[in-house]
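This report concerns only the one structure given below.
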Ligand code: AMP
Ligand code: TRP
């Protein structure tokens with residue numbers, strides 16, 4: 001039997017080139033290697049932890065499904081599904097919640113990035129006295145607004161992610177480097193469950209690409225993120241947008257094409273993107289552009305990116321013309337996924353003694 005591979009992406013906005021080079025492109029390459037049994041899903045439940053408009057959610061889901069398919073994920077080779085259509089994800093999450101410590105979740109850097117104030121306050125309370133937690137909402141020295149803005153889903157996010165992975169017995173989880181800490185938790189929870197209830201789960205490994213952290217175009221010391229759309233290069237941007245965004249990308253004041261991620265963040269990020277798209281080594285890419293100035297390099301890069309995504313843009317447009325087809329693909333995939341997930345759930349219920 002082939003090793004099992006699972007990964008998901010949230011339907012929370014357009015995919016940028018970081019999502020593509022850190023995750024989606026790799027999904028397609030791994031699928032096409034024929035070495036894995038692949039499950040790729042739309043993490044709609046995860047996406048509910050950020051502010052959203054219910055009228056837009058379905059569009060975001062279908063849009064991401066079209067991204068998957070247009071990029072080359074093939075429902076004949078991989079199981080493509082919608083997280084919320086497989087109820088076992090939420091069910092297993094609850095059970096895993098009961099073996100997860102608050103401390104483990106408070107350490108997650110993604111949570112710290114998304115709700116820094118709340119985490120600080122909770123930690124202060126824990127340090128003082130654990131029982132104070134019960135009084136969180138009424139304590140005067142707590143900034144209640146901050147606390148109330150942070151939903152519990154944001155806190156529990158990595159446990160749902162753990163359920164996503166463990167249900168399918170994944171060996172490999174391809175992700176960008178911002179997800180590695182969550183995978184550590186996945187392994188730790190699998191171990192904890194197995195120790196307490198008997199061998200049930202596999203401890204999965206993360207798999208990174210050569211570009212596990214694509215940096216922002218405007219602020220290349222930070223990672224490219226959907227939450228800052230102005231510094232993203234979106235994979236469905238039209239050629240003119242691509243040209244303008246790359247032309248305006250922050251680069252240092254030098255003029256020579258040199259790869260040095262320590263001092264030349266912006267230029268090195270563009271060189272990384274170029275190398276990842278062409279499939280060449282960075283050193284070779286630097287050699288190719290040596291002697292050119294920044295604007296010549298940027299022009300060429302814009303053409304390389306724009307040509308790379310030309311077929312993708314066309315396919316995506318066609319796919320978006322039929323919502324029905326996209327929905328059918330998701331529901332067929334979800335049925336297949338649920339068959340596998342339900343078996344694992346039955347085993348879990350049995351192990352913990354709630355199967356009658
Ligand atoms: P998300 O949009 O948060 O669901 O992320 C989808 C995938 O893209 C995850 O595997 C992330 O780790 C990956 N990812 C997000 N941002 C970046 C980035 N700037 N560079 C590389 N990978 C990224
Ligand atoms: N948390 C991931 C992200 O933000 C998305 C995700 C949810 C995921 N469940 C997963 C990735 C399971 C891999 C495996 O990018």
Subject >> the chain, relative contact order in percent, only Cα pairs under 8 angstrom and at least six apart counted >> reply: 24
Original post:
Roughly how tilted is helix 265-278, in degrees to the nearest 10 and between 0 and 90, from the longest Cα axis of the chain?
Top reply: 90
Original post:
Among 118-124, 158-164, how do they line up from the highest to the lowest mean number of other beta-carbon atoms within 10 Å?
Top reply: 158-164, 118-124
**OP:** Return the Cα extents of the range 164-307 along principal axes one, two and three, sorted largest first, each rounded to a whole Å.
**Re:** 62, 28, 26
**OP:** Kindly express, to the nearest 10 degrees and within the range 0 to 90, the angle between helix 310-320's C-alpha long axis and the longest C-alpha principal axis of the chain.
**Re:** 40
**OP:** Give me Rg over Rh for the chain, both radii from the alpha carbons and Rh done the Kirkwood way, two decimal places.
**Re:** 1.00
**OP:** Any chance you could check the Cα centroid distance between the range 190-210 and the range 64-115 for me, in angstrom?
**Re:** 15
**OP:** Fewest Cβ neighbours within 10 Å first, please rank 274, 232, 38 accordingly.
**Re:** 274, 232, 38
Original post:
Relative contact order for the range 238-308 using alpha-carbon pairs under 8 Å, separation at least 6, rounded to a whole percent?
Top reply: 42
Original post:
Can you sort 192, 324 so the residue with the fewest Cβ neighbours within 10 Å comes first?
Top reply: 324, 192
Subject >> Computed Kirkwood radius, in angstrom, where 1/r is averaged over Cα pairs of the range 238-308 >> reply: 12.0
Original post:
Among 259, 36, 157, which comes first, second and so on when ranked by fewest other beta-carbon atoms within 10 Å?
Top reply: 259, 36, 157
**OP:** Compute the long axis of helix 239-248 from its Cα atoms, compare it with the longest principal axis of the Cα atoms of the chain, and write down the angle in degrees, 0 to 90, nearest 10.
**Re:** 90
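Read the figures in this text as sums done on the coordinates, not as results from a lab. Treat the numbers as computed from the prediction; the structure is a model and nothing was measured. As a convention, Cβ positions derive from the backbone with ideal geometry for all residues, glycine included, and neighbour counts pool all protein chains shown.
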